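Engineer: Provided herewith is a single structure, encoded as structure tokens, for subsequent inquiry.
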Amino acid sequence: MRARSATSLPLASIAQIFLAAVGAWALAWFALASVSEEAAFCIGAGAAMLVLMAGLRHARRQHARANATSALAKALLDANRECLKLLDTDGRMLRISEYGAELMQASGPEQLAGANWLGFWSGDEASAARNAFDAAIKGSRSAFVASCPTTAGVPKKWQSRLIPIDDGHGGVHAILCASLDITHEAELAADLRAKELLMSEMEAHVGLCFYSYSADYTYFHHVSAGCASVFGIDARTMRERPQAWIDLVLPEDRQQLYDAMQRITRLKTGGRARYRIQHPRRGVRWIQSTGNPVFDARGDLVRIVGISEDITVEQERLAELDRLAFSDSLTGLANRGALVLKIEERCRRNAAFALMFIDLDRFKVLNDTLGHTAADRLLKSLSERIQAALPHDAVLARLGGDEFAVLIDHASDKQRLAGIAKDILAALARSGDPSRADAFVTASIGISVFPENGADQETLLTSADIAMYAAKKAGRNGFSFADKASTERIVDFKLERDLPAALANRQFLLHYQAIHEPRTLEVRSVEALIRWRHPTRGLVSPGVFIPILEETGFINEIGAWVMDEALRQLALWRRAGARSLGVSVNVSSRQLRDAAIVEVVNDALSRYELPASSLQVELTESALMENPALAQRTLSALKALGVRIAIDDFGTGYSSLRYLADFSPDTLKIDRSFVARLQDDRATQGIVSGIIQMARTLGVSVTAEGVEQTAQLELLRESACDLVQGFLLSRPVAPDEVLGLSIKAVD
Ligand code: C2E
Ligand code: CA
Ligand code: CA
């Protein structure tokens with residue numbers, strides 16, 4: 001259909017050409033009829049024929065051109081994404097494009113043909129449309145953006161252009177109106193604008209500075225208006241000079257700020273810094289800045305975003321809380337908490353310092369006679385007097401009630417400390433008005449020195465406290481230094497307090513010292529020696545805590561643990577190859593009083609499948625002496641199991657020989673005090689070899705303890721001592737080192 005209509009001529013053209021041909025024939029006929037009718041007819045017909053053919057050719061060419069033009073126009077129309085309308089000079093729609101009708105939600109172009117275009121707009125929109133239309137009528141192109149509803153009543157936003165079409169005589173005979181549907185874009189833009197507005201309103205009102213920094217901190221992508229209040233720099237200046245805010249940071253805070261900034265980029269994690277700035281209008285302010293890294297799809301750091309805020313108020317509140325927590329409300333001096341922190345800090349630094357504990361004498365009486373308010377006033381004025389008497393770098397604290405303490409740095413010289421104490425007493429005694437009650441205030445002062453009188457705040461304060469009581473006892477209004485004995489008592493007391501938890505916290509362990517055959521030096525057995533790994537004191541010697549364990553009765557519980565642990569360990573060594581190795585376990589007198597030890601030993605031996613003879617129990621003479629009858633009973637039970645018995649520290653008791661008969665031990669351990677004198681003292685040599693001979697006749701083995709020198713070993717060999725033990729041969733070692741000693745392979 002379409003192809004044929006493009007090539008076939010329209011009927012009107014054919015009619016015109018035909019008429020022209022008839023005209024040509026008639027003209028030839030009239031002109032030539034006078035010559036010959038026949039010739040006239042023939043020539044007329046020929047002319048008509050020629051005219052007819054030329055006309056047809058011309059018409060066909062013209063028609064093809066018109067066809068191409070309209071096809072192009074139609075294609076252009078279809079490709080156009082606007083609503084195209086041809087309006088007449090009254091604003092009626094002559095034509096509307098197919099797509100235009102679709103945009104207007106019409107059933108087709110016909111539905112809108114003849115509709116009043118101006119009538120689609122209302123309100124302000126109507127006058128914008130009218131103005132644009134009027135301008136176009138006057139021959140100029142115009143444009144406007146306005147909303148009008150579709151035929152279905154859906155509001156749409158249009159961007160319209162009006163193009164006048166001139167009539168060839170300087171007038172306008174139609175207007176082309178092209179309207180682009182921008183509803184979606186307009187909504188997006190409005191959305192974005194609303195969000196941006198919300199953001200900037202929020203940013204402007206919260207008083208925070210939001211920023212987006214380049215990954216190398218050289219420029220800002222964004223800085224919110226809040227930077228004007230936080231840094232006193234407006235956002236534009238900040239964007240132009242991105243380092244402007246850093247110039248305000250106090251020099252002493254700058255490094256840690258740089259460090260925090262670098263940590264963010266280096267570790268690629270969020271970070272925070274608190275620092276002070278010199279605000280252009282508000283003086284020194286505390287600022288907190290947070291920064292968070294932002295990465296692109298490849299995981300590369302692209303920027304740092306974050307917030308800076310003024311935290312001065314919060315910081316001041318914290319400082320005030322700190323001040324309240326660490327100061328005494330009456331005198332404004334440091335309180336006990338603050339003093340403790342200062343002492344701990346000096347203990348950590350291992351710096352020499354002294355502590356004075358000041359207690360006012362008979363203040364309770366003053367308090368009762370003066371009343372609380374006056375007594376408080378007095379305390380305040382006394383604190384000022386003490387302060388005035390102190391060296392400028394001393395720290396005065398009020399511990400509570402009428403107790404004060406002074407911390408004096410770099411002071412271990414007792415004479416200087418005595419001088420300061422005398423100054424304090426003199427300052428208190430001095431009073432302007434002898435009629436006043438406070439004229440007669442005196443004090444007692446106790447002084448402790450680090451580390452002599454304690455290595456921690458608790459011991460130092462208690463030492464000074466005890467020394468203060470000594471000063472009171474000595475007649476008041478004086479001072480006294482802490483002594484070593486009272487410090488030791490405090491240390492003991494503190495260990496005692498820590499002991500109950502030590503077992504549960506697995507702070508005990510066993511070391512083992514080898515017992516050798518004196519000639520081959522082969523190891524026959526090991527002695528289990530307890531160690532306490534104290535959380536703050538490190539390894540504590542059994543000489544310190546065993547007496548406390550014995551006094552408090554904990555020795556039973558811990559002794560049972562030692563027994564079990566030593567036998568468990570022995571079984572491991574034996575299984576690992578040391579098949580004839582034996583173990584010695586020290587047992588104290590208190591353990592002998594309780595028959596439970598027999599049960600413990602029996603249980604452990606069978607649990608670890610050990611022969612009873614592999615265990616030797618060591619008892620001191622003093623342990624046996626305490627309650628011989630009870631000890632005898634327990635020992636007999638142990639012996640009945642097959643366990644060996646040794647008398648430890650032999651020779652230090654008073655009636656040594658009696659035990660040989662009463663307890664019939666398997667071994668005597670000659671105390672190391674004899675061994676120590678062996679090489680210089682002939683008498684001792686005689687005693688030692690006498691003990692060995694006597695023991696031999698009784699069938700008792702002898703072990704010499706504390707062998708530290710080769711000469712001692714030589715003499716013990718000569719005296720035919722059975723076994724030797726001492727630092728010369730081996731020190732107590734951890735269990736995993738025992739197999740490294742040369743142990744006798746088989747019995
Ligand atoms: P002890 O039973 O006389 O143990 C020997 C002590 O002498 C150990 O000290 C050991 O390290 C030390 N020693 C060994 N060879 C030499 C030497 O050549 N020179 C010197 N100067 N000393 C040497 P340690 O381990 O400090 O034990 C001290 C005491 O604590 C022990 O004396 C023992 O009476 C007691 N003890 C240790 N462990 C326990 C235990 O588990 N239970 C009980 N009840 N007491 C234990
Ligand atoms: Ca021992
Ligand atoms: Ca001993």
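The values are calculated or read from the model by the stated rules, or taken from the named source; none is laboratory data. Just so it is clear, the structure is predicted and the values come from calculations on it, not from any experiment. A quick note on method: Cβ atoms are made from the backbone with ideal geometry, for glycine too, and the neighbour counts reach across all protein chains shown.
Engineer: Among the residues of segment 144-151, is any in contact (Cβ under 8 Å) with a residue 60 or more places away in the chain and surrounded by fewer than 17 Cβ atoms within 10 Å (Cβ to Cβ)?
Structural biologist: Taking every residue of segment 144-151 in turn, none turns out to be in contact (Cβ under 8 Å) with a residue 60 or more places away in the chain and surrounded by fewer than 17 Cβ atoms within 10 Å (Cβ to Cβ).
Engineer: Do you know which residues across segment 621-663 are at pLDDT below 95, within 16 Å of ligand 2 (Cβ to nearest atom) and assigned to a loop (DSSP other than H, G, I, E, B)?
Structural biologist: GLY651, THR652, GLY653
Engineer: ALA596 versus (1) surrounded by 15 or more Cβ atoms within 10 Å (Cβ to Cβ); (2) within 15 Å of ligand 1 (Cβ to nearest atom): which is the lone unmet condition?
Structural biologist: Failed condition: (1).
Engineer: Conditions: (1) within 10 Å of ligand 1 (Cβ to nearest atom); (2) in a helix (DSSP H, G or I). GLU618 meets all but one. Number of the miss?
Structural biologist: (2)
Engineer: Checking MET261 against (1) more than 29 Å from the chain's Cα centre (by Cα); (2) at pLDDT 95 or above: exactly one of these is not met. Which one?
Structural biologist: Exception for MET261: condition (1).
Engineer: Please go through segment 219-244 and pick out each residue that is free of Cβ contacts under 8 Å to residues at least 12 places away in the same chain and assigned to a helix (DSSP H, G or I).
Structural biologist: Filtering segment 219-244 down to residues free of Cβ contacts under 8 Å to residues at least 12 places away in the same chain leaves 228, 234, 236-237, 240-241, 243.
Hits for segment 219-244 are ALA228, ARG236, THR237, GLU240.
Engineer: Please work out which residue is nearest to SER730 (Cα to Cα), limiting yourself to segment 522-548 and to residues that are at pLDDT 90 or above and near ligand 1 (Cβ under 8 Å from one of its atoms).
Structural biologist: Checking each candidate, the answer is GLU527.
Engineer: To continue, here is another question. Can you tell me which residues in segment 599-636 are of a type outside the set (Ser, Thr, Tyr), more than 51 Å from the chain's Cα centre (by Cα) and surrounded by 18 or more Cβ atoms within 10 Å (Cβ to Cβ)?
Structural biologist: LEU610, LEU615, GLN616, VAL617, GLU618, LEU619, GLU621, ALA623, LEU624, ALA631, LEU635
Engineer: Here are SER229, SER214: which of them is hydroxyl-bearing (Ser, Thr, Tyr) and under 28 Å from the mean Cα position of the chain (by Cα)?
Structural biologist: Criteria check complete, one pass: SER214.
Engineer: What are the residues in segment 669-686 that are farther than 17 Å from ASP648 by Cβ and either within 16 Å of ligand 3 (Cβ to nearest atom) or among the hydrophobic types (A, V, I, L, M, F, W, C) (or both), if any?
Structural biologist: Hits for segment 669-686 are ARG677, LEU678, ALA683.
Engineer: Give the residue that is farthest from ligand 3 (Cβ to nearest atom), with candidates limited to residues of segment 723-736 that are without any contact (Cβ under 8 Å) to a residue 24 or more places away in the chain and surrounded by 13 or more Cβ atoms within 10 Å (Cβ to Cβ).
Structural biologist: Looking at residues that are without any contact (Cβ under 8 Å) to a residue 24 or more places away in the chain and surrounded by 13 or more Cβ atoms within 10 Å (Cβ to Cβ), I get LEU728.
Engineer: Would it be correct to say that ASP393 is in a helix (DSSP H, G or I) and touching a residue at least 12 places away in the same chain (Cβ under 8 Å)?
Structural biologist: For ASP393, the condition - in a helix (DSSP H, G or I) and touching a residue at least 12 places away in the same chain (Cβ under 8 Å) - is not met.
Engineer: Follow-up. Out of GLN685, GLN679, I need the residue that is farther than 18 Å from ASN586 by Cβ, polar (S, T, N, Q) and not in a helix (DSSP H, G or I). Which one?
Structural biologist: Going through GLN685, GLN679 in turn, just one is farther than 18 Å from ASN586 by Cβ, polar (S, T, N, Q) and not in a helix (DSSP H, G or I): GLN679.
Engineer: Now, a different point. Residues of segment 697-713 being over 60 Å from the mean Cα position of the chain (by Cα), among the hydroxyl-bearing types (Ser, Thr, Tyr) and in a helix (DSSP H, G or I), which ones?
Structural biologist: Answer for segment 697-713, where residues must be over 60 Å from the mean Cα position of the chain (by Cα), among the hydroxyl-bearing types (Ser, Thr, Tyr) and in a helix (DSSP H, G or I): just THR697.
Engineer: Quick check on LEU716: is it away from ligand 2 (no atom under 15 Å from the Cβ), in contact with a strand residue (DSSP E or B) (Cβ under 7 Å, 6 or more places away or on another chain), assigned by TED's automatic domain parsing to the domain that holds LEU615 and not in a helix (DSSP H, G or I)?
Structural biologist: no
Engineer: Can GLU551 be described as surrounded by fewer than 17 Cβ atoms within 10 Å (Cβ to Cβ), within 14 Å of ligand 1 (Cβ to nearest atom) and of a type in the set (Asp, Glu)?
Structural biologist: yes
Engineer: Of the residues ALA174, ALA194, which is surrounded by 14 or more Cβ atoms within 10 Å (Cβ to Cβ) and either of a type outside the set (Phe, Trp, Tyr) or on the phi > 0 side of the Ramachandran plot (or both)?
Structural biologist: ALA174
Engineer: Do we have ILE546 as away from ligand 3 (no atom under 16 Å from the Cβ) and either on the phi < 0 side of the Ramachandran plot or surrounded by fewer than 14 Cβ atoms within 10 Å (Cβ to Cβ) (or both) here?
Structural biologist: no
Engineer: Give me the pairs: first residue in segment 542-563 and under 14 Å from GLN507 (Cβ atoms), second residue of a type in the set (Ser, Thr, Tyr) and within 8 Å of ligand 1 (Cβ to nearest atom), beta-carbon distance under 9 Å, and six or more apart or on different chains, which are they?
Structural biologist: LEU549/SER588
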